[in-house]
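Report on the structure given below.
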Amino acid sequence: MDQLIPAAQVASESGRFASGQLRKLDIRLPAENGQADYTLRAGEQRMGLNAWLGQRVRLHHTGEIHCVECGRSTRKSFGQGHCYPCFSSLAHCDLCMMRPETCHYFQGTCRDPAWGERHCFRPHTVYLANASGLKVGITRGTNTPTRWLDQGAIQALPILDVDTRQQSGLVETLFKSHVSDRTNWRAMLKGEVEPLDLIAERDRLLARLEPGLAALRQRVGEDAIRTVDDALPLAIDYPVLEWPRKIVSFNLDKSPTVEGTLMGLKGQYMILDTGVINLRKFAGYQVSVAAEAA
């Protein structure tokens, strides 16, 4: 049986081994309606994953965790890779980032007003996506299609542009009374999601929510919430050889070594024949990753 590539052979076997601080998977679309291209990031090293479909891979956690923000060693990761001091003090870790409608900038209690002005007072997009069924979501206008790829959406459609993050949260709250804002990750990974007519769903929801949107426009300004009329649904294909029949999730805190044949990549998940692992969840973990030579 061929051996996994050891660290000493990194220079001669580039692309088959990576080690360092794990970050979320880098996912790109080479072209619209194309197949997602995945890169694993560990420290300064990069490992293209699409080429290793069908090959055996091994990911090992050394036991060390370092904050993705300040680099200090931490026994436990908070908020996808932060130490507790950073998690409890940084603006981008505040609850209002998950629930933008609760923004407290104008109350004078923003953790970092300058950061908030740079990141929250800029255009955001409200969208519909299909990852495990119809859902509504929000993202910065410059963060598409990355947001949809991270969620494992097979379809996405921008429906409204707004001026600020808080406004996007207020709009999303209206939609959540009629459509979910969450992805069922188990259903997403089984590959059984049926395509939807997102244009029809957009028109249905906008018609039903028109009174609420009109009231919100009166509150924040008529031009602050704008319908995206010319957008077309984006279809996304993921590199998957075989969908798992049963979802078994790996946890590096309990089992530091994950090994198996790479069967697919979707969202932030690596799908192995032995189980699945959400790499974004373990950002900051020190790891070594090796792929079997052909």
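Here THR109 fulfils each of the conditions (1) surrounded by fewer than 14 Cβ atoms within 10 Å (Cβ to Cβ); (2) closer than 30 Å to VAL248 by Cβ; (3) β-branched (Val, Ile, Thr) apart from (2).
For the stretch 39-64, filtering for residues that are part of a strand (DSSP E or B) and within 30 Å of ARG75 (Cβ to Cβ) leaves 15. Give me the pairs, please: first residue somewhere in the stretch 167-179 and in the same structural domain as ALA207 (by TED's automatic domain parsing) and without any contact (Cβ under 8 Å) to a residue 60 or more places away in the chain, second residue anywhere and surrounded by 24 or more Cβ atoms within 10 Å (Cβ to Cβ) and in a helix (DSSP H, G or I), beta-carbon distance under 7 Å, and either six or more positions apart or on two chains. Final answer for the pair search is none. Looking at the stretch 147-169, can you tell me whether even one residue there is over 22 Å from ILE247 (Cβ atoms) and among the acidic types (Asp, Glu)? Yes; the residues of the stretch 147-169 include at least one that is over 22 Å from ILE247 (Cβ atoms) and among the acidic types (Asp, Glu).
Scanning the stretch 38-49 for residues that are within 18 Å of the chain's Cα centre (by Cα) and in contact (Cβ under 8 Å) with a residue 40 or more places away in the chain yields a total of 4.
Residue by residue, here is whether (1) assigned by TED's automatic domain parsing to the domain that holds LYS190; (2) touching a Leu at 6+ places or on another chain (Cβ under 6 Å) holds:
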residue: LEU90; (1), (2): no, no
residue: MET98; (1), (2): no, no
residue: ALA114; (1), (2): no, no
residue: VAL126; (1), (2): yes, yes
residue: SER132; (1), (2): yes, no
residue: ASP150; (1), (2): yes, no
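Checking each residue in the stretch 118-139 for being more than 18 Å from ILE236 (Cβ to Cβ) and in contact (Cβ under 8 Å) with a residue 12 or more places away in the chain picks out HIS119, CYS120, PHE121, ARG122, PRO123, HIS124, VAL126, ILE138. Within the option set PHE121, PHE106, being within 25 Å of VAL228 (Cα to Cα) and not in a strand (DSSP E or B) holds for one residue only, PHE121.
Of all residues in the stretch 254-276, those being on the phi > 0 side of the Ramachandran plot and in a loop (DSSP other than H, G, I, E, B) number 1.
Evaluating VAL57 against the criteria (1) within 21 Å of the chain's Cα centre (by Cα); (2) buried (at least 16 other Cβ atoms within 10 Å of the Cβ); (3) of a type outside the set (Ser, Thr, Tyr) leaves one unmet condition, (1). Any residue in the stretch 138-159 that is surrounded by 21 or more Cβ atoms within 10 Å (Cβ to Cβ), over 20 Å from the mean Cα position of the chain (by Cα) and of a type outside the set (Gly, Ala, Ser)? There is no residue in the stretch 138-159 that is surrounded by 21 or more Cβ atoms within 10 Å (Cβ to Cβ), over 20 Å from the mean Cα position of the chain (by Cα) and of a type outside the set (Gly, Ala, Ser). Of the set (1) aliphatic (A, V, I, L, M); (2) surrounded by fewer than 21 Cβ atoms within 10 Å (Cβ to Cβ); (3) in a loop (DSSP other than H, G, I, E, B), all apply to ALA114 but (3). Can you find a residue that is at pLDDT 95 or above, among the aromatic types (Phe, Trp, Tyr), within 30 Å of VAL228 (Cα to Cα) and not assigned by TED's automatic domain parsing to the domain that holds GLN155 anywhere in the stretch 32-39? There is at least one residue in the stretch 32-39 that is at pLDDT 95 or above, among the aromatic types (Phe, Trp, Tyr), within 30 Å of VAL228 (Cα to Cα) and not assigned by TED's automatic domain parsing to the domain that holds GLN155.
The values are calculated or read from the model by the stated rules, or taken from the named source; none is laboratory data. Owing to the predicted nature of the structure, the values given are computational and were not obtained by experimental measurement. We place every Cβ from the backbone using ideal geometry, glycine too, and count neighbours over all the protein chains shown.
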